[in-house]
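Trainee: This is the structure, below, for whatever I ask next.
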Amino acid sequence: MKQKIPPLYQGTVTKYVFVESYKTTPDDLTSRAYEVSEKVMIKETCFGLQITGEESEVERAIAHIREVDPSHIFVKDRGFPPGDPRRCRANLGGARPGYFGHEFEMGVVKWISRGIEEVSSSKPDSSLPAPSPSTPEETPFLDLQKLKQIIDAEVP
Amino acid sequence: MPRCHNVAKVFIYPATSLILSDLVARFGHKPLGTALSIRERIQTAGLDSPPLQMTPDDAKRGLRWAAVEVPSGVRGRMSLFGPLIDEAEAAVIVKHADFAFGCMGCARTDELVEFLIKQKKVPTLEVEYPSDEETGIAFVRNIKEFLQNLEVSHE
């Protein structure tokens, strides 16, 4: 039987807060978010938080928690609210699909954090690595070592 | 922190990128990613219960951005990206992103999105994901300078 589910949390926004830091944990952020949370729903996860509510309230909570560790906290929009029966693994009977992009990006985010620290510091721009003029149009060839890694990863 | 300026709508690609979404918002602009399209769909009541994030109608809506002979997978994806591109006042694109690699639907959509952005002639920044600390600093600096120099005209 098809379950009838109305649109959930209409008029709200949901944001992911990712933290990749040696000194801040998702638990720290949760406590911090609860300090200013009014009318927002906060869900703590292994990587950070999900905050759902009216946009202005969510932004206020995020601005407050960003102060904890500005260069190591990353925020993005999420389409689905937490616990949505179509995405939540509690209803799907197994691991939730997705997160491949996040998994990849969390691998490079440490260099982004370093970049944010450097760019936000008062150092003159001339002391920082120069921005690259443009990216090559041609798609680079797949590195042989990388191909080998992909093959090895596929073999059980 | 961003200087006092108009907020531009900046299309990001890969449209689910956490890093791009964060940096665009951090430097004072509004990132346009897929989450916005998905949110709009699932919060709008319709015939489907619950409202679906993708319906057969989306392949028809995609006809606005892709020709009829283009596979439905590309047209369906374009129904998510197309309205964002129409709205965009600038774009930040990561070229050759490993995690954007996928089937031909993904690959052709990547090409079509880049083509449409270039055709729109909005300020566009093309970068590549960093591979070490130095390229990480250059990546952030590139994006910061691009976003700070955006001049937005709201008509």
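Trainee: Hey, any hits in the stretch B:29-36 for a residue that's assigned to a loop (DSSP other than H, G, I, E, B), more than 11 Å from every other protein chain (Cβ to nearest Cβ), buried (at least 18 other Cβ atoms within 10 Å of the Cβ) and at pLDDT 90 or above?
Mentor: The answer is yes, given that some residue of the stretch B:29-36 is assigned to a loop (DSSP other than H, G, I, E, B), more than 11 Å from every other protein chain (Cβ to nearest Cβ), buried (at least 18 other Cβ atoms within 10 Å of the Cβ) and at pLDDT 90 or above.
Trainee: Since B:Ala90 meets every condition but one in (1) without any contact (Cβ under 8 Å) to a residue 40 or more places away in the chain; (2) within 21 Å of B:Leu18 (Cα to Cα); (3) more than 14 Å from chain A (Cβ to nearest Cβ); (4) not aromatic (Phe, Trp, Tyr), which condition does it not meet?
Mentor: Single failed check for B:Ala90: (1).
Trainee: Need pairs with beta-carbon distance below 8 Å; first residue on the phi < 0 side of the Ramachandran plot and within the stretch B:125-142, second in a helix (DSSP H, G or I) and basic (Lys, Arg); sequence gap 6+ or separate chains.
Mentor: B:Glu133/A:Arg114; B:Gly136/A:Lys110; B:Gly136/A:Arg114; B:Ile137/A:Arg114
Trainee: Also, I was wondering about something else. Evaluate the stretch B:76-88: report whether one residue or more is in a loop (DSSP other than H, G, I, E, B) and more than 13 Å from the chain's Cα centre (by Cα).
Mentor: There is no residue in the stretch B:76-88 that is in a loop (DSSP other than H, G, I, E, B) and more than 13 Å from the chain's Cα centre (by Cα).
Trainee: While we're on this one: Applying the selection to the stretch A:45-63, what residues are crowded, with 17+ Cβ neighbours inside 10 Å and touching a Ser or Thr at 6+ places or on another chain (Cβ under 8 Å)?
Mentor: Result: A:Leu49, A:Gln50, A:Ile51, A:Thr52, A:Gly53, A:Glu57, A:Val58, A:Ala61.
Trainee: I've got another one for you. Please go through (1) surrounded by 15 or more Cβ atoms within 10 Å (Cβ to Cβ); (2) at pLDDT 90 or above for B:Arg64 and return the number of the only condition it doesn't satisfy.
Mentor: For B:Arg64, the exception is condition (1).
Trainee: Right, here's the next one. If you go through the stretch B:132-152 one residue at a time, do you hit one that is in a loop (DSSP other than H, G, I, E, B), at the interface with another protein chain (Cβ under 10 Å from one of its Cβ atoms) and either in contact with a Phe, Trp or Tyr (Cβ under 8 Å, 6 or more places away or on another chain) or aromatic (Phe, Trp, Tyr) (or both)?
Mentor: Among the residues of the stretch B:132-152, at least one is in a loop (DSSP other than H, G, I, E, B), at the interface with another protein chain (Cβ under 10 Å from one of its Cβ atoms) and either in contact with a Phe, Trp or Tyr (Cβ under 8 Å, 6 or more places away or on another chain) or aromatic (Phe, Trp, Tyr) (or both), which makes the answer yes.
Trainee: Out of curiosity, is A:Ile73 modelled with pLDDT of 90 or more, more than 9 Å from every other protein chain (Cβ to nearest Cβ) and in contact with a strand residue (DSSP E or B) (Cβ under 9 Å, 6 or more places away or on another chain)?
Mentor: Answer is no for this residue.
Trainee: Which one is farthest from the other protein chains (Cβ to nearest Cβ) among residues in the stretch A:76-104 that are under 22 Å from A:Ala33 (Cβ atoms) and modelled with pLDDT of 85 or more?
Mentor: A:Pro82
The values are calculated or read from the model by the stated rules, or taken from the named source; none is laboratory data. All of these numbers come straight from a predicted model, not from anything done at the bench. Every residue, glycine among them, receives a Cβ derived from its backbone with ideal geometry; neighbour counts consider all protein chains shown.
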